[in-house]
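Please treat every number below as a calculation from the coordinates, not as lab data. The model shown is predicted, which means the values in this text are computed figures rather than measured ones. Cβ placement follows ideal geometry from the backbone for every residue including glycine, while neighbour counts extend to all protein chains displayed.
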Amino acid sequence: MTNKEYLNTILGKFGVSPDEIDLIMLERGIVPTGEVTGQADIIALKRAIYYQLPQLLAGVQDITEGGYSIKWNLDGIKIWYSALAKELGLPDDLFPKPTITGASPW
């Protein structure tokens, strides 16, 4: 399986287009035709998804034109991203943990 096929399989189920997947690979320096040969390759691809997905989601919108529509499963993507962040041991940038600051004794 190539890097592009892997990313298409993972992100395609959420409605991410092949062009957007190409952009992720370009911005992260991933060779589309490179072979996924083991866990190290999979982790590198998952890290690419982790770092690019928040930027990708910032410009996402559902499109309806004529009888054709493209819908994004935003809730599914966000839940999956949170699980991915946990798997990689990285912070969840879409659902940051709240912090308490400036608490007074009264």
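Length, then width, then depth: along the principal axes, the Cα atoms of the range 3-88 run 43, 28, 19 Å. The stretch between residue 88 and residue 23, if pulled fully straight at 0.36 nm per residue, gains 21.2 nm over its current Cα-Cα span. Label sites at residue 51 and residue 14, each approximated as a point 7 angstrom past Cα along Cα to Cβ, lie 1.7 nm apart.
Cross-link reach is defined here as a Cα-Cα straight distance under 12 Å, omitting same-chain residues fewer than 8 places apart; for residue 46 the aspartates and glutamates meeting it are 87. With neighbours defined as other Cβ atoms within 10 Å of a residue's Cβ, the residues 9, 2 order from fewest to most as 9, 2. 3J(HN,Hα) along the range 6-17, derived from phi through the Karplus expression 6.51 cos²θ - 1.76 cosθ + 1.60 where θ = phi - 60°, amounts to 4, 5, 4, 5, 6, 8, x, 5, 9, x, 6, 6 Hz, with x in place of Gly and Pro.
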